[in-house]
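Single-structure report; data block below.
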Amino acid sequence: MTDQAVTGAWGGAPFKPALLPGWAEALALAGLSIAAALALSAALIAGLGENPVDALGVLFWGAFGYGEAVGYTLYYATNYIFTGLAVAIAFQCGLFNIGAEGQAYLGGLGVALVILALGEVAWPVAALAGILAGAAFGAVWGVIPGALQAYRGSHVVITTIMFNFIATSLMTWLLVDVLIRPGQQAPESLPFAPSTWLPTIDRMAAWVGAELPPSPANLTVFLALVCCLGYWLFVWHTHWGYGLRTVGGSERAAVYAGISPGRMIVLAMALSGGLAGLVAVNDLLGVHHRLILDFPGGAGFVGIAVALIGRAHPGGIVLAAVLFGALQQGGSELAFEYPGIDADLVVVVQGLVILFAGALENLFRPWLRRRRPGRQG
Amino acid sequence: MDDLLAQALSLAAATLRVATPLVLAALGGLLSERAGVVDLSLEGKMLMGAFAAGAVAAVTGSPWLGLGAAVAAAVGMSLVHGLASITYHGNQVVSGIAINILAAGLTPTLAVAWFAQAGRTPLLSGDARFGPVHLPGAEAVAGVPGLGPLYAHLLSGHNVLVYGALAAVAGTGWLIYRSRFGLRLRAVGENPAAVDTAGLSVPLLRYQAVMLSGVLCGVAGAYLSTAHGGGFVQGMTAGKGYLAVAALIFGQWRPVGTLIACLVFAFADVLQARLQGVPLPGVGEIPVQFIQMLPYGLTILLLAGFVGRARAPKAIGQPYQKE
């Protein structure tokens, strides 16, 4: 297999993370991308006739201003850490996984099936089962496109897009015709037994006597942080991670070093899908307590922005996830305060961040590096 | 018998109408990708076009001004894609996805701010939309057995953009296979270094291709909001841009193949709408979702080489840099 066959056509991952331990550069690039995206968004707000500084103030207050808001920000950030790590681990192997959305959705199927089958069990048991099932189902939905690229030469970018659509149809069918709660109109599954619900942060605080306002942030926040640590150990401190990064760097070099690119691609996509599948643990076991239509709600796509801004490093991913969580939560507050501003303004910011951080890097980089413009990172 | 024929004709006519935006967008993607620039931004450009057309047609009452606005908006998005992929040698896939997300956010934001109708543009009256065009003599020959109904009910009575899409297939075919520009366009997608050596500008050719993609996607968007529908609705492209990408791959980056793929996908769509809740003899009721999955499943099988083999332009996705 040549480089061309796997990472050449349609381009590989947008950058090769292995080449970038340059802390200052990574931070500056992320900062510049976010600043450019926010500046354009501010111009848009001004164009809509509102004061962008006031709007930003409302957004910030809506994201961090009071306890409940912080809880919501954390809850969104948890999802984005999972999808950010999912996209990032594929980047490490030179793959661009656009299918985190579908993988998260399928993860939900795994969680729902296992929890409904278990019935009334204590939440630690449910958590463990849910994590395994969510990750397994997500991993399967990632492995198929991975294997098709590794062994059949179809490109992950295109197949993961197709798999998102197939996931949507499949889940709609399952929720409308198969798993629907009998006698119910709304396409949602039976509720999970209350004993399986993961403790929210406020409930956990109550165990130690502290009082926090209720919010959807739950135990899964810690699972997300554990995954970050695991990602860091795996990518930079295991020989599997080394293999993954070698394939991402140069497939030919990997083959020469005795690493099988095909196996690494399958491994990367399995881990990627598995991480995305954990969104279901946060959303279903932690918050909704049943399987509902389209619960990932775009988290898979936000993961692309998070991985790009975080430059595929767990520390950066946590920061970027909190930023996008804050935007999501603050954006709803903004839309509530200003009738002329829609909550979808946040989606504009997401799109701009992806554009600047992922596709227009070379706009800022020569500036930072004083190298010839156009040098690929 | 007559009833069956009428049904078949109505099915075929509906397929043609559903296929129109797919054909336009897929041809746009074809031109861009034949020049070596991956275009996943069909969805976003179409959505921007749909919004611009809906908004301008609602304000001015003219579908033609709406069409112009749609083309301008979509070409604007194309220029962003060109800036990222051609001028700044960025990742073309990321740029396309970014544009789609940007359009998904920008259109409802502007719609809410300007029209305050929950992410829609005002419902268009008859005059502000592209109405049906009755081909000459359609009524006269409708009674003629054989070709009469075919002409009157399948070919006649669509809006002008449906005919535009069919003309675009022929036009694109001529452009890429018969014109000097097309030869250069294909060359730049296969071997940009050779084109560069011949003294032609690779960026200029690629920008032209990317902008043509914007024009076609703009028309596709205008079709959705001012011809097929009566106004812009949030997220109204609903994945049609990605379906067009699939059709383009299925059609092997060739105009006629792409047209056929679009017609097949559109037929599946029309069929699933009509089969809803209708049990088929022998198999019972097929869940519509399975028919909806079909185009995506088929494209994956094709890409994986299980049915035929997809051959992309050689230099697709690779930024070109002069030595």
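Can you work out the PRE-style zone for B:VAL144? Point 7 Å along Cα to Cβ, and I want the residues of segment B:1-32 with backbone N under 11 Å. None, by backbone N distance to the label point.
The amide H of B:ASN159, built 1.01 Å from its N in the peptide plane, has B:VAL133 as neighbours under 5 Å, considering only residues 5 or more places off or on other chains. Cα gyration tensor of chain B, axes a ≥ b ≥ c as square roots of the eigenvalues: rounded (a/c below 1.5), prolate (a/b > b/c) or oblate? Prolate is the answer for chain B, as a/c is 1.5 or above and a/b outweighs b/c. When chain A is treated as a Gaussian network with alpha carbon springs shorter than 10 Å, the biggest mean-square fluctuation among A:PHE301, A:PHE364, A:PHE91 belongs to A:PHE364.
Legend: mean number of C-beta atoms from other chains within 10 angstrom of residue C-beta atoms, peptide A:144-154, equals 3.
Counting only Cβ charges, +1 for Lys and Arg and -1 for Asp and Glu, the dipole size of chain B around its Cα centre is about 740 debye.
Cross-link partners of B:LYS45 among aspartates and glutamates, defined as those whose alpha carbon lies under 18 angstrom from its own and excluding same-chain residues fewer than eight positions apart: A:ASP344, B:GLU33. Site-free segments of chain A were taken between GluC sites (Glu not before Pro) in DSSP loops having at most 16 other Cβ atoms within 10 Å, sites themselves excluded; the longest one is A:212-377. For the protein assembly as shown, the convex hull spanned by the alpha carbon atoms encloses 172 Å³ per residue. Toward the positive end of the charge dipole of segment B:1-145, about the Cα centre and with charges on Cβ (Lys, Arg +1; Asp, Glu -1), which of B:THR15, B:ASN100, B:PRO122 goes farthest? Projecting each Cα onto the dipole axis, the largest value belongs to B:ASN100.
Pull out a ≥ b ≥ c, the square roots of the eigenvalues of the alpha-carbon gyration tensor of segment A:3-369, then state rounded if a/c is under 1.5, prolate if not and a/b is larger than b/c, and oblate in the remaining case. The shape class here is oblate.
If a spin label sat at a point 7 angstrom from the Cα of A:VAL125 along the line to its beta carbon, the backbone N atoms of segment A:187-203 nearer than 19 Å would be those of A:191-199. Amide H to amide H distances under 5 Å link A:LEU190 with A:ARG181, where only residues 5 or more positions off or on other chains count and H is placed in the peptide plane. Long hydrophobic helices in chain A, taken as whole DSSP H segments with a C-alpha length of 30 Å or more on their own axis and mean Kyte-Doolittle hydropathy at least 1.0: A:23-47, A:123-152. Of A:ASN97, A:GLY331, B:PRO319, which is farthest on the positive side of the dipole of the protein assembly as shown, counting Cα position, with +1 on Lys and Arg Cβ, -1 on Asp and Glu Cβ, and the Cα centre as origin? My answer, from the dipole projection, is B:PRO319. If exposed means no more than 13 neighbouring beta carbons inside 10 Å and the site is in a DSSP loop, what's the longest run of chain B without any exposed trypsin sites (Lys or Arg not before Pro)? That would be B:1-308.
Dipole size of chain A about its Cα centre, with +1 on Lys/Arg Cβ and -1 on Asp/Glu Cβ: approximately 1660 debye, rounded to the nearest 20.
Each helix, a run of at least 4 DSSP H residues, gives -39500 (n - 2.57); summed and divided by the residues of the protein assembly as shown, these come to -21500 deg cm²/dmol at 222 nm. Mean-square fluctuations from a GNM of chain B, with a 10 angstrom spring cutoff on Cα atoms, peak among B:GLY143, B:GLY171, B:GLY257 at B:GLY143. To the nearest ten degrees, helix B:240-250 and the longest principal axis of the Cα atoms of chain B are 70 degrees apart. The angle between the Cα long axis of helix B:202-222 and the main principal axis of chain B comes to about 20°, on a 0 to 90 degree scale.
Would you mind checking the tilt of helix B:42-60 against the longest principal axis of the Cα atoms of chain B, expressed as 0 to 90 degrees and rounded to 10? It is inclined by approximately 60 degrees. Computed about the Cα centre, the dipole magnitude for the protein assembly as shown is approximately 2440 debye when only Lys and Arg (+1) and Asp and Glu (-1) carry charge, each at its Cβ. Ranking A:GLY243, A:LEU59, A:VAL302 by how far each Cα lies toward the positive end of the dipole of segment A:3-369 (charges on Cβ) leaves A:GLY243 at the top. Positive contributions from Lys and Arg (+1) and negative ones from Asp and Glu (-1), summed over other residues with Cβ under 12 Å from the Cβ of A:THR83, come out at -2.
Taken together, the values in this text are just the output of simple stated rules run on the coordinates, not laboratory data. Keep in mind that what you see is a predicted model, and the values were worked out from it rather than measured. Backbone-built Cβ (ideal geometry, glycine too); neighbour counts: all protein chains shown.
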